[in-house]
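To start, the structure under review is shown below, and the notes come after it.
The values are calculated or read from the model by the stated rules, or taken from the named source; none is laboratory data. Keep in mind it's a predicted model, so treat the numbers as computed, not measured. Please note: Cβ atoms are built from the backbone with ideal geometry, for glycine as well, and neighbour counts cover all protein chains shown. Ligands, DNA and RNA are stripped out before the accessible areas are found, and what is left, the full protein with its side chains, is counted by its heavy atoms. Shrake-Rupley method; radii C 1.70, N 1.55, O 1.52, S 1.80 Å.
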Amino acid sequence: SMQRRLNRMLDSSHDDKLLALVDVEGFVPKEITVTVKDGKVKVLAEHREEHTTSRGKEYNYKNIMKEISLPPGVSEDEVTYSL
């Protein structure tokens, strides 16, 4: 389940300064943008698909946008992230 997987990720992360986990399953790394600006971390993931079928073209689109405020005293250049 999603919660068990999240718990495993949290347990395996020994970093006590973890700010957030964002589930981006179904996205590839090039579809994910992380920016740190104005005291906030923004995560944007966008996935587009186009299929040609016998009835014409079908489009699939999904996105995730999360914005997390940095805790007081944390500078933007201290922020790191990994996928």
Considering segment 14-31, residues that are of a type in the set (Val, Ile, Thr) and more than 15 Å from THR80 (Cβ to Cβ), and then whichever is modelled with the lowest pLDDT, we arrive at VAL24
Looking across segment 37-68 at residues that are at pLDDT 90 or above and of a type in the set (Ser, Thr, Tyr), the single one that is nearest to the chain's Cα centre (by Cα) is TYR61
Within segment 24-36, residues being part of a loop (DSSP other than H, G, I, E, B) and free of Cβ contacts under 8 Å to residues at least 40 places away in the same chain number 4
Of (1) farther than 14 Å from ALA20 by Cα; (2) in a strand (DSSP E or B), GLY73 satisfies every one except (2)
Subset of segment 37-62, residues closer than 30 Å to THR80 by Cα, outside any strand (DSSP E or B) and either of a type in the set (Lys, Arg) or open to solvent by 60 Å² or more (accessible area, probe 1.4 Å) (or both), comes to ASP38
